[in-house]
Amino acid sequence: MKETALSLDTLAGMAVFAHVVDDGGFSAAARRLGLSKSAVSKQVAALEDRLGARLLNRTTRRMSLTEAGAALIDRCRRVLAEAEAAANAVGQLQAAPAGVLRVNAPVTFGSMHLAPAIPEFLARHPGVSVDLTLNDRMVDLVEEGFDVAIRIARLADSSLVARKLAPMRAVVVASPAYLARRGTPIRLADLAGHDCMNYAYAVSGDEWRLTGPQGEEAMRVTGRLRANNGEVLLAAALAGGGIAMLPTFIAGAALASGRLVQVLPAWDNRTAAIHAVWPSGRHPSPKLRAFVDFLAERFGPKPYWEP
């Protein structure tokens, strides 16, 4: 038998050869495979040419294995069984959520809302494991191997698929102690006289853009604290350090309890939303579909964190 490089044609020929032997002939194998008898015969002949050995003794009345064919048939059966097992495994993955789901999310939203939700998701889907990474930089999902990311932004056009999970509303907040000490702003322009704390990654920088009775307005604010984490700004606002513009998913509980007060209640910012994004593809995996459906159900169009 001559040395030959394994190719897809060789594998296909081995599968056809195994069917011819196990089904008892070319006609039966052709019916099983949905091919013509001549196509099956050509596949076996091509395999014999590539291997440089006759595999079958053919007569008008009977067919038998040659010595080379007998040596090859068990290996062909194993190849066919492994291929069928692999196809069944993929089919099972497509039928039920299973496997490791790699998730990326912003730090504050991830720790405050995503982490408490994941145990319920895992309880619903015992075949799934979650590998969660939190950071505030814009990750490349394909390059870094993430299945899905949570992004809180006004999404630009991209090759990613996106599904809105919940609206995002940002409001201006301060502690009662700070307002008692420094006074309560009545108009947007009044913010100029206050210590305003800024989020370092804000797209608009030191300019707060808010929509009120007269439509969208912008106000450049100043202060002595800037942070790249929303929970830091929340803690500073609770301690009376100044005024902050925070998403309600960060400040909602403090507003509901009265530890923070919404300043300028007629103004807010709703330009962004909370999305799940994933690489484009025709067949998102069941684990991905289940996770996104779960988050959309949990957060929804009226999020529980809204005060």
(request) Please find, in a Gaussian network model of the chain (springs between Cα atoms separated by less than 10 Å), the residue of K164, K37, K287 whose mean-square fluctuation is greatest. (result) K37
(request) Kindly provide the Kirkwood hydrodynamic radius of the range 170-263 in Å, to one decimal, from all pairs of distinct alpha carbon atoms. (result) 13.1
(message) Once you place label points 7 Å from the Cα toward the Cβ at A123 and R61, how far apart are they in nm?
(response) 7.3
(request) Quote the relative contact order of the range 8-95 in percent (integer), defining contacts as alpha-carbon pairs under 8 Å separated by 6+ residues. (result) 27
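How many percent of Cα pairs in the range 217-290 exceed 16 Å? Before the final figure, lay out each step's value.
Numbers: 1686 of 2701 pairs.
Looking at the range 217-290, the distances longer than 16 Å represent 62 percent of pairs.
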(request) About the Cα centre of the range 170-263, how large is the charge dipole given +1 on each Lys and Arg Cβ and -1 on each Asp and Glu Cβ? Please answer in debye to the nearest 20. (result) 240
(request) May I ask for the net charge around L288, where only other residues with Cβ less than 11 Å from the Cβ of L288 are counted and Lys, Arg are +1 while Asp, Glu are -1? (result) +2
(request) Please report, in whole Å, how far the alpha carbons of the chain spread along each principal axis, starting with the longest. (result) 104, 33, 31
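Between A85 and A12, how high is the FRET efficiency from 1/(1 + (r/R0)^6) when r is the Cβ-Cβ distance and R₀ = 22 Å? Nearest 0.05. Can you show the working numbers first?
On the way: r = 18 Å, r/R0 = 0.80.
Taking R0 as 22 Å, the efficiency between A85 and A12 is 0.80.
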(request) Pick out which of L122, L210, L51 has the largest mean-square fluctuation in a Gaussian network model of the chain, springs linking Cα atoms closer than 10 Å. (result) L51
(message) Give me the one-decimal Kirkwood hydrodynamic radius in Å for the range 9-114, with the sum taken over alpha-carbon pairs.
(response) 16.5
(message) So if each residue of separation counts as 0.36 nm, and I subtract the Cα-Cα distance between A256 and Y304, what length gain in nm does that give?
(response) 16.2 nm
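Rounded to the nearest 0.05, what FRET efficiency is calculated for A45 and A95 with R0 set to 51 Å and r the Cβ-Cβ distance?
0.85
Given Cβ point charges of +1 (Lys, Arg) and -1 (Asp, Glu) and nothing else, what value in debye, to the nearest 20, does the dipole of the chain about its Cα centre take?
Computed about the Cα centre, the dipole is about 680 debye.
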(request) Give the relative contact order (percent, whole number) for the chain; include only Cα pairs under 8 Å separated by 6+ residues. (result) 21
(message) Please arrange H19, H275 by how many other C-beta atoms lie within 10 Å of their C-beta, fewest to most.
(response) H275, H19
(request) Taking the Cβ of T271 as the centre, find all other residues whose Cβ is under 12 Å away and add up their charges (Lys, Arg: +1; Asp, Glu: -1). (result) +2
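FYI, it's all coordinate maths here, none of it is from the lab. Keep in mind it's a predicted model, so treat the numbers as computed, not measured. Using ideal geometry, Cβ is built from the backbone for each residue, glycine included, and neighbour counts are taken over all protein chains shown.
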